[in-house]
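Scroll down for the structure; my scribbles are underneath it.
The values are calculated or read from the model by the stated rules, or taken from the named source; none is laboratory data. Here the structure is a predicted model, which means the values were calculated and not measured. Quick reminder, even Gly has a Cβ in these numbers, built from the backbone with ideal geometry, and neighbours come from all protein chains shown. Just so you know, the surface numbers come from the protein's heavy atoms only, side chains and all, with ligands and any DNA or RNA stripped out. Shrake-Rupley method; radii C 1.70, N 1.55, O 1.52, S 1.80 Å.
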Amino acid sequence: MNELRWRVPLADVVVDDELVDAALETLRSGWWSMGPRVEEFEREFARFCGAGHAVAVANGSAALHLALLGIGCSDGDEVVTPSLNFVAAANSIAHTGAEPVFCDIVGPEELNLDPEDLEAAVGPRTTAIVVLHYGGFPCDLGAVGEIAERHRLTLVEDAAHAPGARWRGRTCGTIGDVGCFSFFSNKNLAVGEGGMIVTDDHELAERLRLLRSHGMTTLTWDRHRGHASSYDVVARGFNYRLDELRAAVGLVQLRRLPEENAARARIASRYREALDGKNGLTMPFGRTGDERTSSNHLAVVLIPEGIDRDGVRTALTERGIQTSVHYPPIHTFSAYSSRHGRALPRTDAIASRLLTLPMYGRLSGEQVESVIEGVLNAVVACRR
Ligand SMILES: Cc1ncc(COP(=O)(O)O)c(C=O)c1O
């Protein structure tokens, strides 16, 4: 991922013998499409989360799309989701025929959705909520769950940032009706492209398995093993399958996830200590309390109002430090702005202040200190 341009890239992967051996062994096995490694990855991921079922899919967007179809989202429905999210949730809602309705965040300290505004966004056509655990920080699942229950809405967790994050001791992704994960290269558990859906609902899991593979009643793997010779198509599904190579990589990465998350937590704590409240900077999620354990997928800092963010980013680029913005709010994109009618003042207020700093487990202490120094200096330089 790091093409040597960056002294400190935004994200990076560790490639070692164990990972390479797992990939080579899979190649040499001669069975590359969905098979025993995918099944093992599903079993191990379900166990890691404490979920009844895990269904591996091609990527996190496919996870969201299948989950929404699986819970019955369709034409005429509305699904409430925060605008401060990657666009996958909104696109997936739209691809079911439903309309995404955007809600606001709590504020600069808490970039997750605001339960009060979520409730205000619920209307007669609302059938589901898709929450995000922004940057790996669990949202207020107590308040959201209570709203979902009162309005009889299905709760989908976009847990792409949150593998291993915990809310009241429970693993994110398993608290709502269905949870969706991404294993894209920059994620805490990276395989390149990949995703997982978790649920305790056996019937939903079966429906997801069918839809994942064109609604076919048997898999190529079943027929290869002689367990079946034919199949019926009982639903109009997709090819959203994961392959063996990435499942093999995923199994190694899953074993490493606790260590990866612990390293991220140490880096996050150093960023907070050095940046929060300094030179007008704010590190959100400072008051998470005991209920929430973050997976620290993102290290986001809010730059002071009135500072040119592009200037700060350019100054950091000149030092070889890569940054990003998570996210330009979805309601500001051309594909969504004209259909969106709700005021989102707190999302709008922080949108130009968001700055994402490098975060991955093996960032060295020296790299972290160079990011801190770079950010503190850039903010002062860009104020002049
Ligand atoms: C919050 C969130 N949801 C969904 C996705 C979609 O995952 P994928 O890129 O694996 O399709 C991403 C990916 O970046 C994400 O960050």
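One table, with the values for the structure above:
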quantity	calculated
Sites residue 335 and residue 308 - FRET efficiency at Förster radius 30 Å, r taken between beta-carbons, to 0.05	0.65
Cα-based Rg and Dmax for region 291-384, where Dmax is the largest Cα-Cα distance (Å)	15.4, 47
Protein accessible area in region 188-284, 1.4 Å probe - carbon and sulfur %	49
Projected label distance in nm at residue 256 and residue 225, using a 7 Å step from Cα toward the beta-carbon	2.9
Nearest-0.05 FRET efficiency for residue 325 and residue 287, computed from C-beta distance (R0 25 Å)	0.60
Accessible area (Å², per residue) of the chain, counting only protein heavy atoms and a probe of 1.4 Å	43
FRET efficiency, residue 6 to residue 116 (Cβ-Cβ, R0 45 Å, nearest 0.05)	0.65
Region 1-63: GluC sites (Glu not before Pro) in DSSP coil with no more than 15 other Cβ atoms inside 10 Å	3
The chain, relative contact order [Cα under 8 Å, separation at least 6], %	22
Max mean-square fluctuation residue, GNM over the chain, Cα-Cα springs under 10 Å, options 243, 232, 12	232
Whole-Hz ³J(HN,Hα) from phi, Karplus 6.51 cos²θ - 1.76 cosθ + 1.60, for region 106-119, glycine and proline x	5, x, x, 7, 9, 8, 7, 4, 8, x, 5, 6, 4, 5
Helical contribution to [θ] at 222 nm, DSSP H n ≥ 4, -39,500 (n - 2.57), averaged over the chain, rounded to 500	-12000 deg cm²/dmol
Inverse of mean 1/r across different Cα pairs in the chain, Kirkwood, Å	21.5
Linear extension gain, residue 348 paired with residue 236, 0.36 nm per residue minus alpha-carbon span	36.4 nm
Region 1-104: C-alpha gyration tensor shape, a/c 1.5 cut-off, then a/b vs b/c	oblate
For residue 126, residues with placed amide H under 5 Å, excluding near neighbours	78
